[in-house]
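Visitor: To start, I am sharing the structure in question, which I have written as C-alpha cells.
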Amino acid sequence: EKGGYDHFMLKEIYEQPHSIANCMRGRIDHERKKINLGGISEYAAKLLTAKRIIIVSCGTSWHAGLVGEYLIEEYARIPVEVEYASEFRYRHPIINQDDIVIAISQSGETADTIAAIELAKRAGATILGICNVVGSSIPRLSHTGMYTHAGPEIGVASTKAFTAQVTALSLLALYLAQQQERLPLSKITSLLTALETAPALITTCFQSNALIQHIAGEIKDSTNCLFLGRGINFPVALEGALKLKEISYIHAEGYPAAEMKHGPIALIDEQMPVIVIATKDSSYDKIISNIQEVKARKGKIIAIITEGDTVIRAIADYIIEIPPCEEALTPILATIPLQLLAYHIAVMRGCNVDQPRNLAKSVTVE
Ligand code: F6R
C-alpha cells in the first residue's frame with residue numbers, strides 16, 4: 001500500500017509529478033493556450049467583478065492561500081486577504097455580497113473552515129471551495145469550486161495536497177487574468193508552459209534527495225531552525241517550518257527574510273540552521289543580503305538556490321539546487337526539498353512520520 005516506500009509521506013512526496021499533472025488535467029487547452037475551469041465558468045462574471053477575494057483556511061492550506069494571494073494579485077489584480085479560518089469566524093468580519101470567499105482544504109472537513117464559509121454564505125458572499133476529498137463537506141457547502149485531484153493523502157503532514165492547492169490557485173489566477181484580458185497573451189502562454197513543465201521539474205528536484213539526506217544528518221540534533229523566504233516564497237518558508245516541527249518535533253519558525261532583523265536575528269548563533277529560499281527571482285538581491293546577515297552571526301546556512309547560481313554557493317554552508325523556472329513556479333519546486341528535509345530529519349530522530357503525536361488528518365473539532 002505504501003508502494004515500496006517506507007512511509008506514506010515519502011510516497012506522497014514522490015507522487016507530486018503525478019498529482020500536479022492530475023490537478024491540471026483537462027484544465028489547460030494546450031492548443032489555444034487557455035484555461036478551462038468547468039464548474040467555475042458559471043461564476044466567472046461574479047469573480048471578475050469581485051471587489052475582493054477572502055481566502056480562509058488552516059495550517060498548510062493557509063500557506064497555500066498565501067501563495068494564492070501573490071498569484072491572484074499579481075496576475076488578476078483583484079485584492080486578496082488571507083485569513084486563518086479560526087480567526088475570521090470569531091471576529092465579526094466585514095463581508096459583502098460581492099465578496100468571493102475561497103475556502104482551501106485538503107480534507108474538506110476542517111471545522112473552523114466550514115464555520116467560516118457558513119458565516120460568509122449567510123452574509124451573501126460567493127463561496128469557492130478548493131478541496132481534495134471529493135464529496136466532502138466544504139465542496140458541498142460551496143457555490144462553486146475546483147478539486148485539487150491530488151489523490152488520497154494518508155500521511156498526516158500534508159505534502160502533495162499543498163502543491164496541488166498551489167497549482168489550482170495558479171490555474172485560477174491565470175483563468176481570471178485570461179478572462180479579464182489583462183495580461184498579454186504571451187505572458188499567459190509562458191506561465192501556462194511553465195505550469196505544464198512542473199511535473200518534469202519536480203522530478204529533477206528529487207535528484208537532490210541524497211544530498212538532502214546528508215544535510216538532514218548534519219542538522220538533525222538542532223533544537224531550533226529558522227526558515228526564511230521573501231515574496232512568493234515567504235509562505236514556502238512557513239510551510240517548510242511547519243513540516244519540520246510537526247513531524248520531527250524540532251522547534252522551527254518561518255519568517256519573511258526581511259523581518260529577521262526585527263527580532264529573530266537575536267536567536268542566530270552557530271547552533272542555528274537557517275534554511276533560506278534564495279532562488280533567482282525578483283527577491284534575489286535582497287535575499288543575498290539577508291543571507292549575509294545570517295552569515296555574519298555564524299548561522300548555518302542551507303540555501304535553496306537556482307541551479308547554476310555560484311554567488312550563494314560561495315556563501316552558504318549547504319546548497320540545494322532547483323531547476324530554473326518562472327517565478328510563479330518557484331513555490332512548488334522549492335517546497336520539494338523542504339518536504340524531503342523534514343522527512344529525513346524525522347526518520348533520523350525516530351519519529352512516527354506518518355502519524356505525528358497529537359495530530360489528526362482532519363481537524364473536525366474547533
Ligand atoms: C499540516 C497539516 C495541517 C492541515 C490543516 C488544514 O501538514 O496537514 O496543518 O493543513 O489541518 O487541513 P485541511 O486542509 O484538511 O483543511
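The values are calculated or read from the model by the stated rules, or taken from the named source; none is laboratory data. Predicted model only: the values in this text are computed from it and were never measured. Cβ coordinates were reconstructed from backbone atoms using ideal geometry, including for glycine residues, and neighbour counts include every protein chain displayed. These accessible areas exclude ligands, DNA and RNA; they are computed on the full protein's heavy atoms, side chains included. Shrake-Rupley method; radii C 1.70, N 1.55, O 1.52, S 1.80 Å.
Visitor: Looking at the stretch 127-137, which of the residues that are open to solvent by less than 10 Å² (accessible area, probe 1.4 Å) and touching a helix residue (DSSP H, G or I) at 6+ places or on another chain (Cβ under 6 Å) is nearest to the ligand (Cβ to nearest atom)? Reasoning before the result, please.
Guide: The first filter runs over the stretch 127-137 and keeps only residues open to solvent by less than 10 Å² (accessible area, probe 1.4 Å), leaving 127-131, 136.
Okay, now just the ones that are also touching a helix residue (DSSP H, G or I) at 6+ places or on another chain (Cβ under 6 Å), so 127, 129-131.
On the way: I127: 14, G129: 11, I130: 10, C131: 8 Å.
For the stretch 127-137, the residue satisfying everything is C131.
Per-residue answers, yes or no, for (1) open to solvent by 10 Å² or more (accessible area, probe 1.4 Å); (2) modelled with pLDDT of 95 or more; (3) out of contact with any Asp or Glu (no Cβ under 9 Å at 6 or more places or on another chain):
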residue: K160; (1), (2), (3): no, yes, no
residue: V166; (1), (2), (3): no, yes, yes
residue: A173; (1), (2), (3): no, yes, no
residue: R182; (1), (2), (3): yes, no, yes
residue: L185; (1), (2), (3): yes, no, yes
residue: L201; (1), (2), (3): yes, yes, yes
residue: Q207; (1), (2), (3): yes, yes, no
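Visitor: If you take the residues in the stretch 233-253 that are within 18 Å of G299 (Cβ to Cβ) and away from the ligand (no atom under 14 Å from the Cβ), which one is most open to solvent (accessible area, probe 1.4 Å)?
Guide: The extreme case among them is H251.
Visitor: Test L242 against the stated conditions and say whether it is touching a helix residue (DSSP H, G or I) at 6+ places or on another chain (Cβ under 6 Å), modelled with pLDDT of 95 or more and not aromatic (F, W, Y). Spell out how you get there, then give the answer.
Guide: Working: touching a helix residue (DSSP H, G or I) at 6+ places or on another chain (Cβ under 6 Å): no; modelled with pLDDT of 95 or more: yes; not aromatic (F, W, Y): yes.
Here the answer is no, as L242 does not meet what is asked.
Visitor: Select from the stretch 334-351 the residues that are hydrophobic (A, V, I, L, M, F, W, C) and surrounded by 24 or more Cβ atoms within 10 Å (Cβ to Cβ) and list them in ascending order.
Guide: Looking only at the stretch 334-351, we keep the residues that are hydrophobic (A, V, I, L, M, F, W, C), and these are 334, 336, 338, 340-342, 345-348, 351.
Correct list: A334, I336, L338, L340, L341, A342, I345, A346.
Visitor: Another one. Just to be sure I understand the filter: pairs with C-beta atoms under 7 Å, separated by 6 or more residues or on different chains, first member in the stretch 349-366 and in contact (Cβ under 8 Å) with a residue 60 or more places away in the chain, second member near the ligand (Cβ under 8 Å from one of its atoms) and of a type in the set (D, E, K, R). Which pairs pass?
Guide: From the stretch 349-366, the pairs are P356/E246; L359/E246; S362/E109; T364/E109.
Visitor: Against the condition open to solvent by 50 Å² or more (accessible area, probe 1.4 Å), among the aromatic types (F, W, Y), touching a residue at least 12 places away in the same chain (Cβ under 8 Å) and more than 21 Å from A85 (Cβ to Cβ), how does Y14 come out, does it pass? So that I can check it myself, show each step before the final result.
Guide: Details: open to solvent by 50 Å² or more (accessible area, probe 1.4 Å): yes; among the aromatic types (F, W, Y): yes; touching a residue at least 12 places away in the same chain (Cβ under 8 Å): yes; more than 21 Å from A85 (Cβ to Cβ): yes.
For Y14, the condition - open to solvent by 50 Å² or more (accessible area, probe 1.4 Å), among the aromatic types (F, W, Y), touching a residue at least 12 places away in the same chain (Cβ under 8 Å) and more than 21 Å from A85 (Cβ to Cβ) - is met.
Visitor: How many residues does the stretch 316-366 contain that are assigned to a loop (DSSP other than H, G, I, E, B) and either within 16 Å of the ligand (Cβ to nearest atom) or among the aromatic types (F, W, Y) (or both)? Step through it out loud before you land on a result.
Guide: Of the residues in the stretch 316-366, the ones assigned to a loop (DSSP other than H, G, I, E, B) are 316-317, 323-326, 349-366.
Going one step further and asking which of them are either within 16 Å of the ligand (Cβ to nearest atom) or among the aromatic types (F, W, Y) (or both), we end up with 351-366.
Residues that pass the stated criteria total 16.
Visitor: Now, a different point. Just to confirm my filter: which helices (runs of 4 or more DSSP H) fall fully inside the stretch 155-223 and include at least 3 residues that are within 16 Å of the ligand (Cβ to nearest atom)?
Guide: Working: elements: 160-180, 185-205, 209-219.
Hits in the stretch 155-223: 160-180.
Rundown of residues vs (1) basic (K, R); (2) at pLDDT below 95; (3) under 18 Å from A150 (Cβ atoms), yes/no style:
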| site | (1), (2), (3) |
| --- | --- |
| R32 | yes, yes, no |
| V56 | no, no, no |
| S61 | no, no, yes |
| G65 | no, no, yes |
| E69 | no, no, no |
| E74 | no, no, no |
| E81 | no, no, no |
| A103 | no, no, yes |
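Visitor: Turning to a different aspect of this structure: Picking from A257, A266, which residue would you name as being within 10 Å of R230 (Cβ to Cβ) and of a type in the set (G, A, S)?
Guide: Numbers: A266 fails: within 10 Å of R230 (Cβ to Cβ).
Checking each option against the conditions leaves just A257.
Visitor: Now a separate question. Give the number of residues within the stretch 254-296 that are over 24 Å from R313 (Cβ atoms) and open to solvent by less than 60 Å² (accessible area, probe 1.4 Å).
Guide: Counting residues in the stretch 254-296 that are over 24 Å from R313 (Cβ atoms) and open to solvent by less than 60 Å² (accessible area, probe 1.4 Å) gives 2.
Visitor: State which residue pairs qualify: first residue on the phi > 0 side of the Ramachandran plot and inside the stretch 97-108, second residue within 16 Å of the ligand (Cβ to nearest atom) and open to solvent by less than 10 Å² (accessible area, probe 1.4 Å) in any location, beta carbons under 6 Å apart, and separation of 6 or more residues or different chains.
Guide: G108/C131; G108/S136; G108/I138
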